[in-house]
Amino acid sequence: MKRENILLGHGSGGKLSHDLIDKLFMKYFDNEILASQGDSSILEVGSQTLSFTTDSFVVSPIFFPNGNIGNLAIAGTVNDLAVSGAKPLYLSAGFILEEGFSLSELEIIVKTMAEDAKKAGVKIVTGDTKVVERGHADKIFINTSGIGILAENRKGISSGEDIRVGDKIIINGAVGDHGMAVMAARNELKINSEIKSDCAPLNGLIDVAFEVTDKIKFMRDATRGGLSSVLTELFERKSFGVEIMEEAVPVHDNVSGMCELLGFDPFQVANEGKVVMVVDADAAEDVVAAMQKHKYGKEAAIIGEITGTHAGKGWIITSIGGKRVIDMLSGEQLPRIC
């Protein structure tokens, strides 16, 4: 069906987002670099290979358990660079502020960004500020761009060109925490066990994995659209398929309970501190063991594998032995989640 107007679902990271990119933006912007459609673009500049990314953050509310919009801006951009295999180095920070926004809240956000950038080992080196009239924005929007250097042996990670049948799929921890934390904060839900966002820069954790092996073949951070969207992007139009063991995917009880109550699928809920990796089977257990020693990888697990039995499709093997299709989010589940 032809749609005449933008819907909230076009920002979900699911099917509507992909349709908008493929049928509009790629129609006019298409080039050999953009065509890869990774979280970062890989650029050859002289003798250096650079990873370049940009992202915008419009989360509501701007403060939530274990984070704020500033944490998201740093972590989201650092992670997009890191999952391309790059070492993140420099960020930009652009602010769109609404007239009347609290200066004290802005200072908290900016301070948070500075602290997180330092922890991640990156520098904010340029920026911009615009102010719009009261009622023409929602307090604060942030745009960040990032640049990192990509080593020669990591160039194929964004495309997953070296993935083979039998490779294992790893995630560094429980899914759905960020989406449910924002949902609870937005609607002031009274829950017995507070759900906290998993927002975190993952470049240090990823470095730990690469210290174990050079057989990491693909990485993507599971943000909008959650784990399901990452897996769909992984196997879509490929010569291999994916099988995930539902019981192997970590999901915290409070997140699982809230998702069940609201009718959400935890696999489709946004995360801001989760990386999905495809790793050679021989190295997978060693990678998981190393990640579990890092503060952002304590719940790391092998959750599935690459299979040759159903090319271009993904299956979740359920806890009762059945199967269900892995599919990306259709429409909008949680608008303005990041």
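Quick note: the coordinates plus some simple rules give every number you see, no bench work behind them. All figures in this text were calculated on a predicted structure; none of them were measured in a lab. So basically every Cβ, Gly included, is an ideal-geometry build from the backbone, and we count neighbours across all protein chains shown.
One table, with the values for the structure above:
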quantity	calculated
Percentage, to the nearest whole number, of Cα pairs in region 85-215 over 25 Å apart	48
Whole-angstrom gap from region 11-57 to region 213-272, using each part's C-alpha centre	21
Near-label residues of region 214-251 by backbone N, under 19 Å of a point 7 Å along Cα→Cβ of His310	227-249
Length released on extending from Met245 to Leu8, taking residue separation times 0.36 nm less the Cα-Cα span	82.2 nm
Gain in span if fully extended, Asp282 to Phe25, counting 0.36 nm per residue against the direct Cα distance	88.5 nm
Enclosed volume per residue, in Å³, of the convex hull spanned by Cα atoms of the chain	151
Cα centroid separation - region 126-195 against region 278-338, whole Å	17
Pair Ser256, Val125: separation of 7 Å Cα→Cβ label points (nm)	4.6
Cα gyration tensor shape of region 14-79, rounded if a/c is under 1.5, else prolate or oblate by comparing a/b with b/c	oblate
Rg in Å to one decimal, and Dmax rounded to a whole Å, for region 235-338 via C-alpha atoms	14.9, 40
HN-Hα J in Hz across region 301-308 - Karplus 6.51, -1.76, 1.60, θ = phi - 60°, x for Gly and Pro	7, 7, 10, x, 8, 7, 10, x
Modelled label reach - Ile33, point 7 Å along Cα→Cβ, region 73-108 residues with backbone N closer than 20 Å	77-94
Other-chain or far-sequence residues with amide H under 5 Å of Ile124's (modelled H)	Leu91
FRET efficiency for Thr213 and Glu105, using Cβ-Cβ distance with R0 set to 56 Å, rounded to 0.05	0.80
FRET E, pair Glu299, Arg336, Förster distance 22 Å, beta-carbon r, rounded to 0.05	0.25
Radius ratio Rg over Rh of region 168-325, counting only Cα atoms, Kirkwood formula for Rh	0.97
Formal net charge of residues neighbouring Glu99 (Cβ-Cβ distance under 15 Å; K, R +1; D, E -1)	-1
Percent of C-alpha pairs per 5 Å bin, region 31-154, short to long	2, 11, 20, 21, 17, 12, 8, 5, 2, 0
